[in-house]
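Below is one structure, written out as structure tokens; the observations come after it.
We did not get these values from a lab; they are worked out from the coordinates using the rules stated. Owing to the predicted nature of the structure, the values given are computational and were not obtained by experimental measurement. Note that we place each Cβ from the backbone using ideal geometry, even for glycine, and neighbour counts take in every protein chain shown.
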């Protein structure tokens with residue numbers, strides 16, 4: 001059977017590749033969490049037939065890193081060669097995300113991965129600083145991905161403000177997309193958004209909060225508070241995102257599931273932004289979202305009527321909600 005690997009540090013590009021597979025494929029596509037699969041599950045995925053198309057495409061996230069970590073257990077001995085030998089039209093796409101490029105390179109050098117006869121697509125954000133021309137080309141590529149339309153003066157401003165750093169520019173473009181909903185930005189909006197981006201709450205905080213990653217949430221909050229972000233500003237931004245996610249869940253309940261329909265209903269034009277919101281709407285329990293929104297409202301009221309250590313209690317609130 002056929003399988004390939006998508007890996008890298010740029011989660012945005014990886015999610016986009018997964019979305020393209022789901023959107024463009026004429027075959028049945030199933031997304032699976034590799035941390036919950038056993039040996040029989042994997043073999044069944046490779047050999048089972050689809051009731052709706054000629055073959056199945058399984059997108060399995062985090063499985064290869066898992067079997068590398070558990071290699072000494074012997075539970076996964078020869079699992080990948082067995083998969084290669086399965087006589088099936090099905091395909092498996094292994095998706096592996098990394099925080100650091102060094103981890104991604106170490107993954108590719110592992111003997112289990114090097115022995116595979118498959119395509120490996122690496123999606124990393126370039127590191128460090130680049131030339132003016134190279135960074136400007138990068139901005140144009142990311143601008144298209146985030147659904148933005150920036151003028152040359154706006155791009156030059158980002159170049160100067162970021163000191164031509166890839167990571168900083170990528171963060172700014174993401175923030176612009178989140179706040180603007182994509183599309184054309186006049187200079188006044190651009191300047192306000194870039195200024196606002198310094199105090200905004202982005203999807204990194206939400207993703208880690210929803211996922212229960214308390215250490216990462218605390219790390220992000222420390223950075224935001226050091227930058228002068230107030231607790232009330234964070235509450236307002238969090239509530240704004242929660243409102244959008246709840247709105248999309250309501251549309252799901254009405255049978256509206258396509259990205260284009262939800263974009264029309266919500267007025268959010270950025271494909272990147274709407275896909276991130278739709279992903280959260282599918283993954284986070286509705287009752288939990290309502291409980292979080294209620295707790296944030298109560299905290300906001302308390303912060304405006306009582307005297308207490310807001311930062312400490314806000315971190316505690318997020319760790320318990």
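Roughly what % of Cα-Cα distances in the chain sit above 34 Å, to the whole percent? If you can, show how the numbers build up before the last one.
Details: 16861 of 51360 pairs.
The proportion of pairs with Cα distances above 34 Å equals 33 percent.
Classify region 54-97 as rounded, prolate or oblate, taking a ≥ b ≥ c as the square roots of the eigenvalues of its Cα gyration tensor: rounded when a/c is under 1.5, otherwise prolate if a/b is larger than b/c and oblate if not.
Values: a/c = 3.94, a/b = 1.46, b/c = 2.71.
The shape class here is oblate.
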Taking the chain and dividing mean pair separation by its residue count, relative contact order in percent (alpha carbons under 8 Å, at least six apart): 16 percent
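May I have the convex hull volume per residue, in Å³, for the Cα set of region 2-122? Could you put the intermediate results ahead of the total?
On the way: hull volume 12.0 nm³, N = 121.
Taking only Cα atoms, region 2-122 has a hull volume of 99 Å³ per residue.
Out of the DSSP beta bridges found with both residues in the chain, what percent are antiparallel (nearest 5)?
Values: 1 of 24 bridges.
Antiparallel bridges make up about 5 percent of those DSSP assigns within the chain.
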Rounded if a/c under 1.5, otherwise prolate or oblate - region 242-293, Cα gyration tensor axes: prolate
Exposure proxy ranking, count of Cβ atoms within 10 Å, fewest first, for 321, 9, 266, 305: 305, 321, 266, 9
Inverse of mean 1/r across different Cα pairs in region 225-313, Kirkwood, Å: 14.5 Å
CD proxy at 222 nm, helix term only [per DSSP H run n ≥ 4: -39500 (n - 2.57); per residue of the chain; nearest 500]: -19000 deg cm²/dmol
The chain: most fluctuating residue of 171, 309, 239 per GNM, C-alpha cutoff 10 Å: 309
Pairwise centroid distance, computed over Cα atoms, of region 1-51 with region 234-264, Å: 26 Å
Angle in degrees between helix 187-197 and the longest Cα principal axis of the chain, rounded to the nearest 10: 70 degrees
